[in-house]
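Trainee: Got a structure here, written out as structure tokens. Questions coming.
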Amino acid sequence: MKFTRHILSLFVLLTALSCNNVLDKQPLDKLQGENLFSNPEGVKLYMANLYYQLPIEDFTFFRQGFNWNTGDPNNGGFAPAMITDEAVHTEFGDFIGDGDFQWWDQGYKLIRDTNILIDIIPTLDINEDETKALVGESSFIRAYAYFALVKRYGGVPLITAVQKYEGDVEALKVPRSTEKESWEFVMKECDVAIANLADSWPGGERRATKWVAYALKSRAALHAASLAKYGERAPISGTAVDQKLVGMDKSAAAEFYKAAIEASEAIINSGKFALYKPTPASPAEAAENYRKLFEDPNIAPGEAIFIKGFARPGSGTGHNYGIWFQPNQTANGWPHPGRMNPTLDLIDAYESYTNPGQSAPITTTVAGNDVSDYNGFDPAKNYKRYEDPAGIYKDKDARLWATAILPGTAWKGQKIIIQAGFIKPDGNAQLFGGEPIKVGSTTIYPFGAADRTQYSGFDTWGGNNTRTGVSFKKFLNEGVNVAPGWNQTVSDWADFRYAEILLNYAEAIVESGTGAAAKGAQALNDIRRRAGHTKDIPLTIDNVIRERRVELAFENKRFWDLVRRREYHTLFNNRVRHALIPVLDLRVTPAKYIFIRENIARLNPATFDYKQYYRSIPGIGANGLVQNPQY
Amino acid sequence: MKKISIYLSVLAVMLSAAGCKIDNYPAPDAQLFGTFLDAETNEPVEQDIIRGSTIEFIEHGYASQTKQVMIVKNDGSYRNNLIFANKYTITPVRGNFVPTEPQDVTVAGATQLDFKVQPYIRVKDAKIEKVGSKVVATFKIQQTVINNVKKIGLYAHPEPSVGEPMRTVLSDMEINAATDPNKVYKLEIDIPANSNNLKSGSQYFFRIGALIDAPESKFNYAKAVRLTL
Amino acid sequence: MKILKFLTLLPFLSFSCDGADESIQITEPKPVEEVKYDDTGVLFKSYKGLVMAGYQGWFTAEGDGAERGWHHYQKNGKFEPGAASIDFWPDVTDYPKTYKTAFKYKNQEAAHVYSPYDEESVDLHFKWMKEHGIDGVYMQRFVSEVKGESGKRHFNKVLANALKASKKYGRAISIMYDLSGSNTADMDFIAKDWEELQSTFKLFDNKENPQYLRHNGRPLLAIWGVGFNDGRKYSIADIQKLVEKVKGPTKKASILLGVPYYWRTLGNDTENSTLLHTVIKSADVIMPWAVGRYNSTSYTSVAGTHLPGDIAWCKANNLDYAPLVFPGFSWGNLKNDKSLYNQIPRGRGDFLWQQIAGAKLSGAEALYVAMFDEVDEGTAIFKCKREGELPENADGKFVGIEGDLKTDHYLWLTGQGAKWFHGESGFSAKKPERPL
């Protein structure tokens, strides 16, 4: 009896709770909605929430999801770049897992929230311009959301109006559309947004404009086109393939490349956008310009087409790049800095000013014929010796200097020391630790300094020191000492940059063999000119892809580039990523630095399975959808 | 403190009691095993233990039709000692052989199910030996389908389950053409050039593989060879 | 209580036993003897080793006596510039009897076509087959056409022409029912029509028709169109009954079934029903429809594993297998869509040879060539006009054989394939070059 009573009271409690929830949701109800939307502030409020939910791959985007800056944001600082050839983590050896990069429930929540708005627009008592703006913005948001879904899952259920539950769950189940239909839907939504959005917002608000919608279309169309063109590089089978829920026919590529060219051209021809400081006088100036562009994209309104702001330190409004990725020496009290380690694989890709149009792998020996030798120190080799440990990077593209902190260069007023060990005067190498030695009266420390706060490389302690030989710089604010706590960084994220649009344009032209090739080449070379290059190179797909890798490095593009071009499984087949380790050579006096190309220590080879080109769809048992292959 | 531990142990007893109840389901009581055999030569078809041919099986009697998978050992054999006696639909998929059809099989006790398949490629007259400071492989390629041979390779690893997915050193060659069954191919691995993976005096396994250009195909192999360098 | 229940059950048990016994008694004493055919003098005892084409024979010309107008040449009742169903134009230089059309060549000369209603024309076709070593043809019998009086008259006349010519030139011949457009009720009609054909033409008579194709010791009948998932008005079960009926208890005929390309995996173009496999197993040969399933670029990746997979399945089920090859595909005029001219290009025979070699190297033992005379969809191998020598067609056009080839090039190339399938040496994946 007593028991029953308890249960009853529990029941009452639960009911009360659920009532509360229902009350919370009242604004979504039609009547309430009218109230909300009749008030311009209400619309703003609702819209702000939709924008907040946009799947923008910014500083808070990780394999766990978006907006990873609330609750407990501790994910060890494992960034999406570390699943590519751009970087590795200081200690995690993870590669892509089946549960990574999911965005299903959240995606359909945003779509539902947007559909609520779309359904209600015709009933609102607002003028024509306001209606157009709402139609445009809501289509933009829906396009953005479906793009994020389709690039993950292939064809998805296209839900274009709010679904109402009327006692029959089955009636709510919408089957997946084909992948091609889904991409076409994204294109169509972009077009509605483009047709309805204005050039700008009166107060310069960071909201979607016609140009942002064009930029989205440029990116999404290029993605779809590449999938159609290169899908056959990674054939998969299964029900989802048979029903064309994943995969597209090669012939679909043409229409999407055309869309990418046209959307990019609209932005280019608008005359409203330009590269930030397009003609620097020297590579050093180019490096500084490029660094500043990411420190604060607001200084470049002509280049930053769409910015997501991180307004104030705190949960949901700040991010964690400033703590995770500082070099160890400038940790400012944060216990686990230094976690983004750019790879030698990326460094090699940057051009040298002395040999434009080519990747310039770092040569460490006088012979220079051994860039694929990763067998470690070889006393028989004649290594190039440098007094300045950054000397080996001389003539490398300015953007490398602005993207990575190179050994021996200054950051926040300190010389950043990255040293993997030394070659003893007797010719034996002592690498990655051990005791200091005395040479004459000088004590030589394996990691370049006595105290572990005084260096930034190779010591495994805390997982705080780079294991690739360089530390990370892009996006970090040199002038700000970030407080050692969660969500304290407030630099803004440029979601769409003019440079990306130029690269989308160049790629679509060269890949489709259509459009104005001369203008495509110019787009490519304008970006290079901004990086201090003075000699133009031809428009080839290799040149475009290399340029994308270096210009857009760490902007969370590389992962999707490898996916959409179906290059992941080829580049990540037992992939070993590499380091360039600076070693003090004590065989000469004064001691100088030599460099060794090495396999990154303690890192397993990584392999990308075909099935990872599509994410698994959650909740198949309940939603009745056809699962993606091999899940 | 004492009180807490008592409570804890009571809790533990309760939990384990509950656990017993849940675990009263019968354990998997059957075994399924067999080998991939070349339908023409009746020889086992060499496989990869990781990212190799896969056997999908669906247990009958459940609406969900959940696909379970088994992997195959390098020698072409497979074994599942934890399977419930029941009817299954079993399909070898994404393999190094011409795709085969699902078959319905009753598994009870120790059940043997061999798969007679047509391997895409037979690696013939394979020879791997150490010559000076090199490991040299010579072999012929017999393809059984009209597709191109995509690539051939010589793979090395300290473990006997060496293959393309599991190797520390490789020497491979893109072919992308139909092959002449009489042509002798030669692949070499230079030992000093791979000194961080191939230490002199140690034992390693070497295996010749070839990949056909067909959707989702896997490598075909000759048997692995053990060499002391 | 328990006993009682048991007892009440007993009568039923014994009853059902009796029933079973009875039924066995009916069938067992006289097992039906399978029919045995005299194969003395029979020219083709098996499809194995043969290369045979499909023969549409559905064209007619105004004035040929068939009284069917410009059947299958015309479109919307007209056969004149701007209105035609054909993409390729038959080269009628060698035909004794031709018909003037409203089409004109650039030099204003009228363009002519032929009619298979004429004995002379069909005779010429079989003469070509003999000349190039093509083994014979499957005479298409369109159920939707022969149900009508004029259609039946036409196709019976074409068949009579073909039987005569095939006998004369020693070419294999067999009947193929094309079920497109049929419904369940038509199955009885087919069975009846088939019976009628046998008696009218003495198809099974080894003296009258020694050239009629036999397989597994019986005359072969082909039934095309089982298992396609394109919304047909008959079911796989209907075909199952039809096959049973055609074979009869005495197993009167062997059966070739025309099935969709993905018959084995029951996907894509194929109805997802395992009954299809049951029906296929009751047949003797299958021929999957490959037209439009690949082109020269995708052929190897599609057919490379598909063919050996099919062949292995058939071998395991004691079935023979005849892959289909076709020279190319073009149906711009039929579909009123200029982008469909040369939809699957012929590539001077590269595409056809790619398939012949692909089939042979994958282990196929017989070939079905689609088709001998199909100009609506541009798969014909017989003599057609070349590029640059075609009649004009208002703002549309006709598609020709590549200008530097002889008009009988595809007959010749098919004949080379036949030699290879007959076991002659010297053939490989490399397309044979025709001596000048």
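Trainee: Using all alpha carbons of chain B, what is the percent of pairwise distances in each 5 Å bin, ordered from the shortest bin to the longest?
Mentor: The distribution over chain B is 1, 6, 12, 15, 14, 11, 9, 8, 6, 5, 4, 3, 2, 1, 1, 0, 0, given as percents.
Trainee: Same structure, new question: Nearest 10 degrees, 0 to 90: what angle lies between the long axis of helix A:517-530 and the longest principal axis of chain A (Cα atoms)?
Mentor: On a 0 to 90 degree scale, this one is about 60.
Trainee: At a Förster radius of 35 Å, what calculated FRET efficiency corresponds to the Cβ-Cβ distance of C:S282 and C:K152, to the nearest 0.05? Display every interim value, and only then the final one.
Mentor: Working: r = 28 Å, r/R0 = 0.81.
The computed FRET efficiency comes out at 0.80.
Trainee: Looking at the protein assembly as shown only, what percent of DSSP beta bridges run antiparallel? Nearest 5 please.
Mentor: Details: 102 of 148 bridges.
Percent antiparallel among DSSP bridges in the protein assembly as shown is about 70.
Trainee: While we're on this one: Quickly estimate the mean residue ellipticity at 222 nm for the protein assembly as shown, helices only: each DSSP H run with n ≥ 4 gives -39500 (n - 2.57), and the total goes over all residues, rounded to 500.
Mentor: Values: 31 runs with 401 residues, N = 1296.
Per the formula, -10000 deg cm²/dmol.
Trainee: Another question about this same structure. Would you mind estimating how fast chain A diffuses translationally, via Stokes-Einstein at 25 °C and 0.890 mPa s with the Kirkwood radius over Cα pairs, in µm²/s? It would help to have the intermediate numbers written out before the result.
Mentor: Numbers: Rh = 26.3 Å.
In µm²/s, the coefficient is 93.
Trainee: I've got another one for you. Divide, for the range C:45-162, the radius of gyration over alpha carbons by 2.2 N^0.38 Å, where N is the residue count.
Mentor: Numbers: Rg = 15.2 Å, N = 118, 2.2 N^0.38 = 13.5 Å.
So the range C:45-162 has a normalised radius of gyration of 1.13.
Trainee: Further question: Ignoring ligands, DNA and RNA, what accessible area per residue does the range C:51-421 give at 1.4 Å, in Å²?
Mentor: Details: 12830 Å² over 371 residues.
Accessible area per residue, the range C:51-421: 35 Å².
Trainee: Something else about it: So, in nm, how far is label B:Q142 from label C:E109 when the simple model puts each one 7 Å beyond its Cα toward the Cβ?
Mentor: Calculated label separation equals 5.7 nm.
Trainee: A follow-up question, please. Express in Å², to the nearest 10, the accessible area of B:E101 obtained by rolling a 1.4 Å probe over the protein heavy atoms while all chains stay in place.
Mentor: 40
Trainee: So for the range B:121-228, what are the equivalent ellipsoid semi-axes in whole Å, largest first, each being the square root of 5 times an eigenvalue of the Cα gyration tensor? Intermediate results must be reported in sequence, preceding the final value.
Mentor: Numbers: eigenvalues 120, 37, 25 Å².
Its equivalent ellipsoid spans semi-axes of 25, 14, 11 Å.
Trainee: May I ask for the equivalent-ellipsoid semi-axes of the range A:385-466, computed as the square root of five times each C-alpha gyration tensor eigenvalue and listed largest first in whole Å? Before the final figure, lay out each step's value.
Mentor: Working: eigenvalues 111, 52, 27 Å².
Here the semi-axes work out to 24, 16, 12 Å.
Trainee: Are there any GluC sites (Glu not before Pro) in the range A:138-242 that are in a DSSP loop and have at most 14 other Cβ atoms within 10 Å? List them by number.
Mentor: Values: sites: A:E166, A:E170, A:E179, A:E181, A:E184, A:E189, A:E205, A:E232; in loops: A:E166, A:E205.
The qualifying sites are A:E166, A:E205.
Trainee: At a probe radius of 1.4 Å, what is the per-residue accessible area of C:D188, in Å² to the nearest 10?
Mentor: Roughly 90 Å² of C:D188 is accessible to a 1.4 Å probe.
Trainee: Same structure, new question: Taking the 0 to 90 degree range and rounding to the nearest ten, how far is the long axis of helix A:283-295 tilted relative to the main principal axis of chain A, both from C-alpha atoms?
Mentor: 40
Trainee: Taking the 0 to 90 degree range and rounding to the nearest ten, how far is the long axis of helix B:2-22 tilted relative to the main principal axis of chain B, both from C-alpha atoms?
Mentor: Approximately 70 degrees, to the nearest ten.
Trainee: Roughly how large is the C-A contact in terms of buried accessible area, totalled over both chains, probe 1.4 Å, nearest 100 Å²? Walk me through the intermediate numbers first.
Mentor: Details: alone 19170 and 25670 Å², together 44760 Å².
In total, this chain pair buries about 100 Å².
Trainee: How much of the calculated P(r) for the range B:142-183 lies past 11 Å, in percent of all Cα pairs? Mind showing how you got there, number by number?
Mentor: Values: 581 of 861 pairs.
Everything past 11 Å amounts to 67 percent.
Trainee: Using all Cα-Cα distances in the range C:206-289, what percent lands in each 5 angstrom bin from 0 up to the longest?
Mentor: Pairs per bin, as whole percents: 3, 16, 25, 23, 15, 10, 6, 2, 1.
Trainee: While we're here: So for the range A:290-399, Kirkwood radius off the Cα pairs, Stokes-Einstein at 10 °C and 1.306 mPa s: how many µm² s⁻¹?
Mentor: Working: Rh = 17.8 Å.
For these conditions, the coefficient is 89 µm²/s.
Trainee: Still on this structure, please answer the following. Can you bin every Cα-Cα distance in the protein assembly as shown into 20 Å intervals starting at zero and give me the percent of pairs per bin, rounded to whole numbers?
Mentor: 9, 29, 33, 22, 7, 1
Trainee: Further question: Which three lengths, in whole Å and largest first, does the range B:30-117 cover when its Cα atoms are put on their principal axes?
Mentor: So the extents along the principal axes, rounded to whole Å, are 36, 23, 23.
Trainee: C:T200 accessible area, nearest 10 Å², 1.4 Å probe?
Mentor: In the full protein context, C:T200 sits at about 90 Å².
Trainee: For the residue pair B:T89 and B:A63, what label-to-label distance in nm results when each label sits 7 Å from Cα along the Cα-to-beta-carbon direction?
Mentor: Placing both labels 7 Å beyond Cα along the Cβ direction yields 1.7 nm.
Trainee: Here is a further query. Given the convex hull of the Cα atoms of the range A:488-532, what is a quarter of its surface area in nm²? Can you show the working numbers first?
Mentor: Working: hull surface 16.8 nm².
Projected area, direction-averaged: 4.2 nm².
Trainee: Same structure, new question: In whole Å and largest first, what semi-axes does the C-alpha gyration tensor of the range C:51-421 yield when each eigenvalue is scaled by 5 and square-rooted?
Mentor: Over the Cα atoms of the range C:51-421, the semi-axes work out to 31, 24, 20 Å.
Trainee: Please give me the summed charge of the neighbours of B:Y185: other residues whose Cβ is under 12 Å from its Cβ, Lys and Arg +1, Asp and Glu -1. Provide the component values of the computation, followed by the final result.
Mentor: Working: positive: B:K124, B:K127, B:K140, B:K151, B:K183, B:K186; negative: B:D125, B:D172, B:D180, B:E188.
Residues close to B:Y185 contribute a combined charge of +2.
Trainee: Using a Gaussian network model on chain C with a 10 Å cutoff between Cα atoms, which of C:V302, C:V137, C:V246 fluctuates the most?
Mentor: Top of the fluctuation ranking is C:V302.
Trainee: Counting Lys +1, Arg +1, Asp -1, Glu -1, what net charge surrounds A:E137 among other residues with beta carbon under 13 Å of its beta carbon?
Mentor: Values: positive: A:K44, A:K132, A:R142, A:R206, A:R207, A:K210; negative: A:D113, A:D129, A:E130, A:E189, A:E205.
Residues close to A:E137 contribute a combined charge of +1.
Trainee: Could you work out, residue by residue across C:304-317, how many beta carbons of other chains sit within 10 Å of that residue's beta carbon, and then give the average as an integer?
Mentor: Values: counts 12, 13, 4, 3, 9, 7, 1, 2, 9, 3, 0, 1, 4, 0.
That average works out to 5.
Trainee: Return the FRET efficiency for the residue pair C:A191, A:D100: r is the Cβ-Cβ distance, R0 is 60 Å, and the value is rounded to the nearest 0.05. Before the final figure, lay out each step's value.
Mentor: Values: r = 61 Å, r/R0 = 1.01.
Approximately 0.50, to the nearest 0.05.
Trainee: What distance in nm separates the two pseudo spin-label positions at B:D125 and A:N355, each 7 Å out from Cα along the beta-carbon direction?
Mentor: Placing both labels 7 Å beyond Cα along the Cβ direction yields 4.2 nm.
The values are calculated or read from the model by the stated rules, or taken from the named source; none is laboratory data. These figures come from a predicted structure and were not determined experimentally. Backbone-built Cβ (ideal geometry, glycine too); neighbour counts: all protein chains shown. The area values use the complete protein model at the heavy-atom level, side chains included, leaving out ligands, DNA and RNA. Shrake-Rupley method; radii C 1.70, N 1.55, O 1.52, S 1.80 Å.
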